[in-house]
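A.B. asks: The following block contains the structure, expressed as structure tokens.
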Ligand code: ADP
Ligand code: ZN
């Protein structure tokens, strides 16, 4: 059996499952301070004989195996979690291989193994929620270089009528600063869920998201794009994104039918935890 953790800023989802991706047991633990959250995580996993654990974590995180800080969360503003060594803590407790990657990379892995990108050797998983992040599978492997990608913080061309200053504490009006859930709320004075009938809200979202997708398509050429996260529950965003993307790509690259190419997660809300289970499987294989 394998363990999986989807470590989020508001909650940790922990699951026990098997290599096929089947989940046997699953719990949620609120994210408070590390000692408290992690002791509940450990208590849950203690009830099972596990061979490996996979962690898909909020970030930024250190994924460089050569680094002394490998396996920790790095520059989060979340109290107590900065520099927290999540992998070392689990290794010390369980003495088994621990897989570790970003939450969005885990979700991409989940979707390519069991979800909307099943059978493909590349895909992009993007979440538009409290923040914006993306994970990519390229030639069958999770994309990683110096560190993990941070595709939510790319710069986009501003809409000429958009005077909102942007919410990213680092870059102000990067994609996340303009189009994540908190930016919607601050710009329009209400949460996305309460703005369903305001077409201008979703037009502007589509305008920014399509630009980001164009850049990802031009650079990574993924075979499938999966859009998840709370904001993407607004399904009317999909046709708007298709429309803007068609306009700006302008026949330069040939894309598949957009309704098949840019889709919701096949695993729904389980993409991250399923992918974390696959991270455990990978860690076990690498160990053998
Ligand atoms: P997180 O990113 O924290 O994991 P979510 O993906 O649910 O969680 O993202 C939360 C953000 O998405 C909030 O800003 C919230 O207002 C927004 N959001 C959540 N559900 C919806 C919805 N159905 N429609 C529009 N916006 C939503
Ligand atoms: Zn930013």
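The values are calculated or read from the model by the stated rules, or taken from the named source; none is laboratory data. Predicted model only: the values in this text are computed from it and were never measured. Please note: Cβ atoms are built from the backbone with ideal geometry, for glycine as well, and neighbour counts cover all protein chains shown.
A.B. asks: Select, from 223, 243, the only residue that is in a helix (DSSP H, G or I), at pLDDT 95 or above and surrounded by fewer than 18 Cβ atoms within 10 Å (Cβ to Cβ).
C.D. replies: Exactly one of 223, 243 is in a helix (DSSP H, G or I), at pLDDT 95 or above and surrounded by fewer than 18 Cβ atoms within 10 Å (Cβ to Cβ), namely 243.
A.B. asks: Follow-up question, since we're still on this one. Could you check segment 132-148 and list, in sequence order, the residues that are assigned to a loop (DSSP other than H, G, I, E, B) and modelled with pLDDT of 95 or more?
C.D. replies: Step one: list which residues in segment 132-148 are assigned to a loop (DSSP other than H, G, I, E, B), which gives 139-140, 143-148.
Within segment 132-148, 139, 140, 143 qualify.
A.B. asks: For segment 55-81, what are the residues that are under 16 Å from the mean Cα position of the chain (by Cα), assigned to a strand (DSSP E or B) and over 18 Å from residue 282 (Cβ atoms)? Step through it out loud before you land on a result.
C.D. replies: At the first step, the residues of segment 55-81 found to be under 16 Å from the mean Cα position of the chain (by Cα) are 55-63, 73, 76.
Still in the list and also assigned to a strand (DSSP E or B): 55-57, 61, 73.
Answer for segment 55-81, where residues must be under 16 Å from the mean Cα position of the chain (by Cα), assigned to a strand (DSSP E or B) and over 18 Å from residue 282 (Cβ atoms): just 73.
A.B. asks: Only residues that are closer than 20 Å to residue 235 by Cβ and either assigned to a loop (DSSP other than H, G, I, E, B) or outside the structural domain of residue 150 (by TED's automatic domain parsing) (or both): list them for segment 168-201, please.
C.D. replies: Selection gives 180, 190, 191, 195, 196, 197, 198.
A.B. asks: If you don't mind, there's one more thing I want to ask. Do the conditions hold for residue 5, that is, is it under 18 Å from the mean Cα position of the chain (by Cα) and within 16 Å of ligand 1 (Cβ to nearest atom)? Outline the logic, then answer.
C.D. replies: Details: under 18 Å from the mean Cα position of the chain (by Cα): yes; within 16 Å of ligand 1 (Cβ to nearest atom): yes.
Considered against the rule, which asks whether it is under 18 Å from the mean Cα position of the chain (by Cα) and within 16 Å of ligand 1 (Cβ to nearest atom), residue 5 comes out as yes.
A.B. asks: Just the residues that are farther than 21 Å from residue 143 by Cβ and out of contact with any helix residue (DSSP H, G or I) (no Cβ under 7 Å at 6 or more places or on another chain), please, taken from segment 51-85.
C.D. replies: 68, 76, 77, 78, 79, 82, 83, 85
A.B. asks: Please pick out the residue among 126, 137, 132, 96 that is away from ligand 2 (no atom under 16 Å from the Cβ) and under 23 Å from residue 229 (Cβ atoms). Before the answer, list the steps.
C.D. replies: Values: 126 fails: away from ligand 2 (no atom under 16 Å from the Cβ); 132 fails: away from ligand 2 (no atom under 16 Å from the Cβ); 96 fails: under 23 Å from residue 229 (Cβ atoms).
That would be 137, the only listed residue that is away from ligand 2 (no atom under 16 Å from the Cβ) and under 23 Å from residue 229 (Cβ atoms).
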